[in-house]
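Right, one structure below, let's go through it.
The values are calculated or read from the model by the stated rules, or taken from the named source; none is laboratory data. This is a predicted model, so every value here is computed, not measured. FYI the Cβ positions are ideal-geometry reconstructions off the backbone, even for glycines, and counts take in every protein chain you see.
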């Protein structure tokens, strides 16, 4: 491969064309800035397309609701690890962002009076945790698809310039730490380019493919998170991964929580509605971490279903078939395709499955990337923004509520776009010169991959990583398994550093792409394992055996020592911490208390 | 459930970097009982020969990446049951027909998306947006069912002889389905403009109701019906 790098200049470059990237792109394109959106798949193939159940907003279309209640639920859902300024910002912006989507043409379902249809969802309650509320704005069970297409369509209208099937490879950062763009590969030709920009927005999604069993698409390889880590940006709260209660057993394909929102019930081998024992108030609509743990406990205690007693059932056979076909048509299709079950007549086999990365690239609520500096723990990295699942604002803390991910990508995609537009318009500047070593890391990676002999196999190394993550950092975590896990994942990292590919073609070389993706996945896997091993408490999705539920420490949460965000640095594989922002923007702090549903 | 067995494949291979012309590769792979879909087998094949190039992403039939020509018929690899393949016969995989091949099973979809973009696939409403949502009754919203669910996989357009002959002039079933999705939306104000845009011997009227599109759509949509409705509207307004 030639070492030639062609440089192209833009005002702004957005990496990723899922929900967050497309929302940011609308902002920049409509402001008339010269913007490039780089995406390794055609925009509507991005994983936002797979979101099913809805997007949260306290529109109050079917019953009374308020953003402050939504904020309370989100703080509680996060097990108080979320930053309350960012959470207030998101919940207050929700209505505006959802209404905008409707104006873009998104085909929401409707209530009888013509408004956006809303359904109940896990952890979303009225009046500060009292009872479930209808807050999830839905387009059947295809909300993500409807949303992603509507935003792509709006971008067509805005004439956004897309670079489709281009893979970003590394962040370009100069000696002062300022971000000046990215390097990228045109997949069709294998040529390497640099996108030199004044603002760089990462909207690259999560890395759910670090786990063996995942609801995530093949493309969810944490590319932005890996690029940030290699460029010296710390990763925040990477120990917190959401296991969605209802992945199809065996296949991993997602079954929306909206199924339970519409009245679905989880049952064990005795047909018992076991969630009544774990969450007497919210029952099947408790928060996802709570439901997933209850399911695994049922399975561990021998009440799992099937010949191997290794899943539980999701039952909607008592619902009106017409309602199912109207509100959950995609689930009916998934049941037949991936479980061989007609959910109108039979129960669906489900199991908790890795679903969402709560942590990521640290940002403030303006979408600006922030890192600890000399003066404060949140100093802005000039020129760098992040939004959506790759970012950590942090609104999800230790556990995300269902429907808050689509909201996150709308609110912070827009916010990052707005902030970038403001900066570029208020203080017009010319492109800062690229440092001499701008392409070195990228070219070294590609050169290594081209010349590697006797190396490890990409497929095998990836499987090793996925199996290790599954075993050592799953729904329940154990001190000894985490310690072993750290050693194991560091060993696997060595394999990943010497992967070998047989295919050396320049043209659409998917073997090379998968190897480059694995470079990103492994950064996320190491960050996750190291951060998880170090956090000696149970909080939200991170629950460990040596931090059990006791009267002194309900749920095993240790606020005195661990009410803080983890920050993992690639260099030296070290951890640092920063405090949680408990001060909202305009209302009182939502005071710490024990989480129960 | 499938059973553990060996699958024989004949796969279209072409890498312009090294090959003079395309060839059909014979290759087999062992699959487990847990491998339900063709995509599961393809992922295993790629572990065996990392140079086989194909697109894939969500593996659950919503992203539209892995459309292929499977035993002569267009479909998504992730929704095609391995159990549906007859034993003892190789599974023949080719790229989607009618579009230029970039490499192996990957086609250049530029022409397909160009046609999609040509119908202005976005809501046009020039009234100032209201503070809240634009109202739409459940019945009006129901008109969009069977239209908005398209995943742009191109199974339909690349199975359509009219699209094969005139990919630059005939919008094709996917694009026309999208056109009707906006015509049918009570919030959209550009019906006349949209009909004008299609009033042409090729763009709409090259559809000869062959209905291959309906036959192959992995989402069970019916572009021919949508095209019929647009044709009706054309006739209606000319009277």
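Any idea how many residues of segment A:111-129 are part of a loop (DSSP other than H, G, I, E, B), facing chain B (nearest Cβ under 7 Å) and either more than 14 Å from residue A:58 (Cα to Cα) or under 26 Å from the mean Cα position of the chain (by Cα) (or both)?
2
Criterion first (within 10 Å of chain A (Cβ to nearest Cβ), over 27 Å from residue B:18 (Cα atoms), touching a helix residue (DSSP H, G or I) at 6+ places or on another chain (Cβ under 9 Å) and modelled with pLDDT of 95 or more) does residue B:46 satisfy it?
no
Do we find a residue being in a loop (DSSP other than H, G, I, E, B) and within 27 Å of residue A:38 (Cβ to Cβ) anywhere in segment A:131-151?
Yes: segment A:131-151 contains one or more residues that are in a loop (DSSP other than H, G, I, E, B) and within 27 Å of residue A:38 (Cβ to Cβ).
Go through (1) in contact (Cβ under 8 Å) with a residue 24 or more places away in the chain; (2) touching a strand residue (DSSP E or B) at 6+ places or on another chain (Cβ under 9 Å) and name the single condition residue A:414 misses.
(2)
Can you name the residue in segment B:129-151 that is more than 7 Å from every other protein chain (Cβ to nearest Cβ) and not in a loop (DSSP other than H, G, I, E, B) and is also nearest to the chain's Cα centre (by Cα) among such residues?
That would be B:142.
Criterion first (touching a strand residue (DSSP E or B) at 6+ places or on another chain (Cβ under 6 Å) and more than 14 Å from every other protein chain (Cβ to nearest Cβ)) does residue B:216 satisfy it?
The answer is yes for residue B:216.
Could you list, in sequence order, all residues of segment A:357-383 that are over 16 Å from the mean Cα position of the chain (by Cα) and within 25 Å of residue A:216 (Cβ to Cβ)?
Correct list: A:369 only.
When you scan segment A:552-564, do you find a residue that is touching a helix residue (DSSP H, G or I) at 6+ places or on another chain (Cβ under 6 Å) and part of a loop (DSSP other than H, G, I, E, B), even just one? If you could, list the steps in order and put the result at the bottom.
Residues of segment A:552-564 touching a helix residue (DSSP H, G or I) at 6+ places or on another chain (Cβ under 6 Å): none.
No.
May I ask you to verify whether residue B:177 is away from every other protein chain (no Cβ under 12 Å) and surrounded by 17 or more Cβ atoms within 10 Å (Cβ to Cβ)?
Numbers: away from every other protein chain (no Cβ under 12 Å): yes; surrounded by 17 or more Cβ atoms within 10 Å (Cβ to Cβ): yes.
The answer is yes for residue B:177.
Modelled with pLDDT of 95 or more, under 22 Å from residue A:234 (Cα atoms) and surrounded by fewer than 20 Cβ atoms within 10 Å (Cβ to Cβ): does that describe residue A:470?
no
Quick check on segment A:148-155. Is at least one of its residues more than 20 Å from residue A:405 (Cα to Cα) and touching a strand residue (DSSP E or B) at 6+ places or on another chain (Cβ under 9 Å)? Outline the logic, then answer.
Going through segment A:148-155, the residues more than 20 Å from residue A:405 (Cα to Cα) turn out to be A:153-155.
Adding the requirement that they be touching a strand residue (DSSP E or B) at 6+ places or on another chain (Cβ under 9 Å) leaves A:155.
Yes, there is a match, as at least one residue in segment A:148-155 is more than 20 Å from residue A:405 (Cα to Cα) and touching a strand residue (DSSP E or B) at 6+ places or on another chain (Cβ under 9 Å).
So for segment A:198-214 (the condition being within 11 Å of chain B (Cβ to nearest Cβ), touching a strand residue (DSSP E or B) at 6+ places or on another chain (Cβ under 8 Å) and outside any loop (DSSP other than H, G, I, E, B)), does at least one residue qualify?
yes
Every residue in segment B:65-76 that is in contact (Cβ under 8 Å) with a residue 24 or more places away in the chain and surrounded by fewer than 24 Cβ atoms within 10 Å (Cβ to Cβ), please.
B:69, B:70, B:73, B:75 - these are the residues of segment B:65-76 that are in contact (Cβ under 8 Å) with a residue 24 or more places away in the chain and surrounded by fewer than 24 Cβ atoms within 10 Å (Cβ to Cβ).
Tell me which of these residue A:428 doesn't satisfy, since it passes every other one: (1) modelled with pLDDT under 95; (2) under 23 Å from the mean Cα position of the chain (by Cα).
Looking at each condition in turn, residue A:428 falls short on (2).
If residue A:61 satisfies all but one of (1) away from chain B (no Cβ under 11 Å); (2) more than 30 Å from residue B:59 (Cβ to Cβ); (3) surrounded by fewer than 24 Cβ atoms within 10 Å (Cβ to Cβ); (4) touching a residue at least 60 places away in the same chain (Cβ under 8 Å), what's the number of the condition it fails?
Looking at each condition in turn, residue A:61 falls short on (1).
To keep it simple, each residue is scored yes or no on (1) assigned to a loop (DSSP other than H, G, I, E, B); (2) surrounded by fewer than 23 Cβ atoms within 10 Å (Cβ to Cβ).
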| position | (1), (2) |
| --- | --- |
| A:333 | no, yes |
| A:336 | no, yes |
| A:343 | yes, no |
| A:354 | no, no |
| A:366 | yes, yes |
| A:369 | no, no |
| A:374 | yes, yes |
| A:382 | no, yes |
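A quick yes/no check of all residues on (1) at pLDDT 95 or above; (2) closer than 29 Å to residue A:334 by Cβ; (3) buried (at least 20 other Cβ atoms within 10 Å of the Cβ); (4) touching a helix residue (DSSP H, G or I) at 6+ places or on another chain (Cβ under 6 Å):
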{"residue": "B:196", "(1), (2), (3), (4)": "yes, no, no, no"}
{"residue": "B:204", "(1), (2), (3), (4)": "yes, no, yes, yes"}
{"residue": "B:211", "(1), (2), (3), (4)": "yes, yes, no, yes"}
{"residue": "B:215", "(1), (2), (3), (4)": "yes, yes, no, no"}
{"residue": "B:221", "(1), (2), (3), (4)": "yes, yes, yes, no"}
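Within the bounds of segment B:40-47, is there any residue that is more than 20 Å from the chain's Cα centre (by Cα), surrounded by 21 or more Cβ atoms within 10 Å (Cβ to Cβ) and assigned to a loop (DSSP other than H, G, I, E, B)?
no
Need a quick list: strands (runs of 3 or more DSSP E) entirely within segment B:73-128 having at least 3 residues that are within 13 Å of the chain's Cα centre (by Cα) and more than 12 Å from every other protein chain (Cβ to nearest Cβ).
B:73-76
Determine if segment A:99-110 includes at least one residue that is buried (at least 21 other Cβ atoms within 10 Å of the Cβ), in contact (Cβ under 8 Å) with a residue 60 or more places away in the chain, more than 13 Å from chain B (Cβ to nearest Cβ) and assigned to a helix (DSSP H, G or I).
No, there is no match, as no residue in segment A:99-110 is buried (at least 21 other Cβ atoms within 10 Å of the Cβ), in contact (Cβ under 8 Å) with a residue 60 or more places away in the chain, more than 13 Å from chain B (Cβ to nearest Cβ) and assigned to a helix (DSSP H, G or I).
Please verify whether residue B:55 is on the phi > 0 side of the Ramachandran plot and assigned to a loop (DSSP other than H, G, I, E, B), treating the condition exactly as stated.
Here the answer is no, as residue B:55 does not meet what is asked.
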